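Each reported figure results from applying straightforward, stated rules to the coordinates on display, with no laboratory input. All values derive from a computational prediction rather than experimental measurement. Virtual Cβ from ideal backbone geometry, glycine too; neighbours counted across all protein chains shown.
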């Protein structure tokens with residue numbers, strides 16, 4: 001496992017996340033992920049730390065209001081959120097990781113048909 005550091009575009013929001021050296025990411029085709037360019041790394045809460053910028057975050061919810069999308073109020077970037085599929089974890093946008101990542105293995109996820117496919121993500125926030 002490695003510790004990666006990341007941030008929003010302006011650097012006001014900073015975080016760390018513990019993940020394998022080779023990251024397994026999910027590329028979702030749902031409306032919000034597609035429009036925001038989010039590349040998913042879902043981890044247990046214990047593997048994520050918000051280092052700076054709690055007061056600079058705004059929250060957006062829609063539909064079931066389970067997912068909590070966090071945006072920097074200064075630059076508008078969405079570096080992480082609490083996903084509906086894993087409300088006990090954190091979903092980090094790999095595009096916001098500042099530490100060099102050696103390799104990312106990307107799998108496509110059909111978020112347009114979320115109800116049918118959510119079970120494929122449910123294990124990702126569990127401690128291993």
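Quick notes on this one:
- Modelled label positions at residue 16 and residue 116, each set 7 Å beyond Cα in the direction of Cβ, lie 4.2 nm from each other.
- Efficiency of FRET from Cβ geometry, residue 127 and residue 27, R₀ 25 Å, rounded to 0.05: 0.50
- Three-way shape label, the range 1-67, alpha-carbon gyration tensor, a/c 1.5: oblate
- Exposure proxy for 101, 17: other Cβ atoms within 10 Å of each Cβ, ordered fewest to most, give 101, 17.
- For the range 28-59, the residues whose amide N sits under 12 Å from a probe point set 7 Å from the Cα of residue 104 along the beta carbon direction are 28, 37-42.
- Considering only the range 7-128, percent of DSSP beta bridges that pair antiparallel, nearest 5: 75 percent
- In this rough spin-label picture, where each label sits 7 Å from Cα along the Cβ direction, the residue 45-residue 65 distance is 2.0 nm.
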